[in-house]
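I have placed the structure first, in the form of structure tokens, so that the comments after it can refer back to it.
The values are calculated or read from the model by the stated rules, or taken from the named source; none is laboratory data. None of the values given here were measured: they were computed from a predicted structure. Cβ atoms come from the backbone with ideal geometry, glycine included; neighbour counts cover every protein chain shown. Ligands, DNA and RNA are stripped out before the accessible areas are found, and what is left, the full protein with its side chains, is counted by its heavy atoms. Shrake-Rupley method; radii C 1.70, N 1.55, O 1.52, S 1.80 Å.
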Amino acid sequence: MTGRTLYEKVYADHVVAQAAHGRDVLYIDLHLVHEVTSPQAFAVLAERGLEVRRPDRTVATMDHSIPTKRTDGKLQILDEAARSQLETLSRNCAAHGIPLHAMGEEAQGVVHVIGPELGLTQPGMTVVCGDSHTSTHGAFGALAFGIGTSQVGHVLATQTLLERRAKTFRVTFTGRAPDGVSAKDLVLAFIAKVGTGGGAGHVLEFGGEAVRALSMEGRMTLCNMSIEAGARAGMVAPDETTFAYLKGRAQAPKGADWDAAVARWSALPSDPDATFDREITLDASALTPRVTWGTNPGMGVGIDEPLPAPGDAKDATEKAAREQALAYMKMEAGKPLLGEAVDVVFIGSCTNARIEDLREAARIFRKHRVKDGTRVLVVPGSRQVKGAAEAEGLDRVFTEAGAEWRDPGCSMCIAMNGDKIEPGQLAVSTSNRNFEGRQGPGGRTILASPPTAAAAAVRGAVADPRELLR
């Protein structure tokens, strides 16, 4: 029998039945819900008189629309549409018996942060959410992907989903990443290599020495941005690092169930003779900190590399895209971004708002202050992360350096509930998307790692974090 990949094992374990046109009915282990994509789905259930099939396998949180700044000691919702979304989620969860981590509650946070930290996300699971960055959970060896609003309703009603088998794509990072080069830099280098459509139709499996050396936080960053390469999902095979992270968490198995689970999870990694539809290898030891210069995550370069010229593009389509991106970003081809003045720095999002990300940023802020005139927001990914950071004194490190310390939420990643950049401003952001207006109408975004973002805050301009880490 031919060896199977991690993806093929998890997929096969969840096929309930075969459907028409090459699709399968796939059982869903965990359905994560938030306030933005769920109201329409719950409305459809109400119209058809349907109940939620497995409220015990459904977990909700508030993250996209909530405020992160306290006024007079209280979180105040600034947007009436956001208030309506949050209130609707509360009503729907109460009506269907779905656990909800609401604003201000201890376990509240960004959906792709709280799933892992609560132990809800486990190897071998299928995990879905009405959010494209559900791929984050693939770091645990789960098959995790985003779904549309109509699919959210389908999963709520049936706990299943119609799916097609994807192709497989192994991404191997050899060597060890140097100090100052993080998981964010690895994945930005990969996306720049293959393009934003390079993973289309595939599930990525990240591996190699550099990936095995990553913490779970780093692996989550890798998988989080799989979707930015056009992939259906990203996965990392579970190992001792995975098990150590999960052990003792609230929703993780206990006692004999834990031992049985580890034995089961240990059989998930791809077989030695498994074959992939596509493979690529990158040398992590040769990478430098990365930044994006354009208007999609594939438009990236090493921090000291010149921006590519439109005339060097492989075809007319790419040439036009480069010209448009350079014009929007007000950047000049042939020059590196080093020294480009920055207005705002955002450290947060489901990509880089975990405790390790904050520690990496704090390494720079411990010794250096924010440049006068530069606004810096540090937004933890959950209340647990916020509590852990404050227990370590990281909040004081940030505020004493001149940054704003906020409450958990999606915040400036998606420019909701008041956290945004102004037209024409340039932000260095640890989030995952740099589309035109993503962080506010007319705003310009450079994607980077937490250390690179912190370095930009200190210099008031795009800067190499390695200089400040030495």
Round to the nearest 0.05 the FRET efficiency obtained for GLN40 and ASP239 when R0 = 35 Å and r is the Cβ-Cβ distance.
-> 0.35
Compare the Cα positions of HIS21, SER270, THR196 along the charge dipole of the chain (+1 at Cβ of Lys, Arg; -1 at Cβ of Asp, Glu; about the Cα centre) and return the one farthest towards the positive end.
-> THR196
Label points 7 Å out from Cα along the Cβ direction at GLU279 and PHE435: separation in nm?
-> 3.5
Computed over region 37-157: relative contact order in percent, which uses C-alpha pairs under 8 Å that are six or more apart | 30
Cut-off 11 Å between beta-carbons: net charge of the residues surrounding SER411, Lys and Arg +1, Asp and Glu -1 | -1
Apportionment of accessible area to carbon and sulfur, region 88-138, percent (1.4 Å) = 54
Can you tell me how much longer the chain between ALA391 and LYS254 gets when fully stretched, taken as 0.36 nm per residue apart minus their C-alpha distance, in nm with one decimal?
-> 46.6 nm
Where labels lie 7 Å past Cα in the beta-carbon direction, separation of ASP179 and SER266 in nm = 3.6
Which semi-axes, in whole Å and largest first, does the equivalent ellipsoid of the chain have when worked out from the alpha carbon gyration tensor as the square roots of 5 times its eigenvalues?
-> 33, 27, 22
Which lysines, on any chain, are close to LYS74 with Cα under 19 Å apart, when same-chain ones fewer than 8 places away are left out?
-> LYS386
So how much slack lies between LYS193 and ARG470, counting 0.36 nm per residue of separation and subtracting their Cα-Cα distance, in nm?
-> 96.8 nm
Under the rule of -39500 (n - 2.57) per DSSP H run of 4 or more residues, summed and divided by the residues of the chain, what mean residue ellipticity at 222 nm is obtained, to the nearest 500 deg cm²/dmol?
-> -9500 deg cm²/dmol
Compute the relative contact order of the chain as a whole-number percentage, counting only Cα pairs closer than 8 Å that sit 6 or more residues apart in sequence.
-> 17
Of the listed peptides 147-160, 317-330, what is their order by residue-averaged count of other C-beta atoms within 10 Å, with the highest listed first?
-> 147-160, 317-330
Roughly how many Å² is the accessible area per residue of the chain, as a whole number, for a 1.4 Å probe?
-> 38
So how much slack lies between LYS247 and ARG212, counting 0.36 nm per residue of separation and subtracting their Cα-Cα distance, in nm?
-> 10.8 nm
Taking Cα pairs closer than 8 Å and at least 6 residues apart, the relative contact order of region 119-246 in percent is 33
Out of the DSSP beta bridges found with both residues in the chain, what percent are antiparallel (nearest 5)?
-> 25
Distance from a point 7 Å along Cα→Cβ of ALA341 to each backbone N in region 430-470: keep the residues under 11 Å and list them by number.
-> 461
Which residue, chosen from PHE243, THR281, TRP293, occupies the Cα position most advanced towards the positive end of the dipole of region 242-336, where the dipole is computed from +1 (Lys, Arg) and -1 (Asp, Glu) charges on Cβ about the Cα centre?
-> PHE243
VAL16 paired with SER132, simple spin-label distance in nm, labels 7 Å along Cα-to-beta-carbon = 2.8
Cross-link reach list, aspartates and glutamates versus LYS69, counting only Cα pairs under 15 Å and skipping chain neighbours closer than eight places | ASP79, ASP395, GLU404, ASP407, ASP419
With LEU447 itself left out, Lys, Arg at +1 and Asp, Glu at -1 over residues whose Cβ is under 12 Å from its Cβ give +3
Determine ³J(HN,Hα), in whole Hz, for all residues of region 110-115 in sequence, where each value follows from phi through the Karplus function 6.51 cos²θ - 1.76 cosθ + 1.60 and θ = phi - 60°; x replaces Gly and Pro.
-> 4, 3, 8, 9, 6, x
If you place +1 on the Cβ of every Lys and Arg, -1 on the Cβ of every Asp and Glu, and leave all else neutral, what size is the dipole of region 22-89 about its Cα centre, to the nearest 20 Debye?
-> 100
